[in-house]
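So the structure is just underneath, and the comments pick up after that.
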Amino acid sequence: MEFKTADICDEFADRIQVCDPVFRSFGAETRFAGAIATVKCFEDNSRVREAVQMPGETRVLVVDAGGSLRCAVLGDRLAEQALHNRWSGIVVFGCIRDAVDIAGMKIGVRALATHPLKSIKRGEGQHGSTLRFAGVTFTPGAYLYCDDDGIVVSGDRLM
């Protein structure tokens, strides 16, 4: 899929939301897009694991980890599972780990930072919630576009 978020902003300014520029790029794919699926969790990646094990169907997994910088909710094994199950990308409002390994994977990954400590596993969190962070509301089924210029969200597919 060819698109530029700058062009999307120019053409569809009244139909999009633009994320605050707080995310770093980690995956080998810097451009990705897809319908949004969501997980809300805090320092527990149990629901992230469940999500990446499901067929991604070129969707984008958006994870609200509460902005925690105390542990990672995504590592190389879960990123590999997401790639295998055809997720287009993952956006994490929190940390990832295994950044060098993820950098070699053909999947888009955006997160606030890296942290070597893995999360705990208590089975807590939610799938399918509407999330709000980085100045944007992420609704399941809405569409996310990401490239080197940033992340934009639309209620429907634009391109």
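Only one entry of LEU158, LEU112 meets the criterion of being surrounded by 13 or more Cβ atoms within 10 Å (Cβ to Cβ), more than 13 Å from ALA33 (Cβ to Cβ) and either in contact with a strand residue (DSSP E or B) (Cβ under 7 Å, 6 or more places away or on another chain) or at pLDDT below 95 (or both), and that entry is LEU112.
Considering only residues of the stretch 7-27 that are of a type in the set (Gly, Ala, Ser) and within 25 Å of ILE107 (Cβ to Cβ), which is surrounded by the fewest Cβ atoms within 10 Å (Cβ to Cβ)? Walk me through how you get there before you give the answer.
Taking the stretch 7-27 first, the residues of a type in the set (Gly, Ala, Ser) are 13, 25, 27.
Retained after the next criterion (residues that are within 25 Å of ILE107 (Cβ to Cβ)): 25, 27.
On the way: SER25: 15, GLY27: 23.
Among those residues, the one meeting the criterion is SER25.
Among the residues of the stretch 50-67, those that are closer than 18 Å to THR114 by Cα and surrounded by fewer than 18 Cβ atoms within 10 Å (Cβ to Cβ) comprise GLY66, GLY67.
Looking only at the stretch 73-88, decide whether some residue is among the small types (Gly, Ala, Ser) and in contact with a Cys (Cβ under 6 Å, 6 or more places away or on another chain).
Just the residues of the stretch 73-88 that are among the small types (Gly, Ala, Ser), to begin with: 75, 79, 82, 88.
Next, from what is left, pick out any that are in contact with a Cys (Cβ under 6 Å, 6 or more places away or on another chain): none.
No - not one qualifying residue is present in the stretch 73-88.
Checking each residue in the stretch 87-107 for being out of contact with any strand residue (DSSP E or B) (no Cβ under 7 Å at 6 or more places or on another chain) and not aliphatic (A, V, I, L, M) picks out ASP98, ASP101, GLY104, LYS106.
Residues that are surrounded by 13 or more Cβ atoms within 10 Å (Cβ to Cβ), more than 16 Å from GLY150 (Cα to Cα) and not hydrophobic (A, V, I, L, M, F, W, C) within the stretch 89-109 comprise GLY94, ARG97, ASP98, ASP101, listed in sequence order.
The values are calculated or read from the model by the stated rules, or taken from the named source; none is laboratory data. Keep in mind it's a predicted model, so treat the numbers as computed, not measured. Glycine gets a Cβ as well: all are built from the backbone with ideal geometry, and neighbour counts include every protein chain shown.
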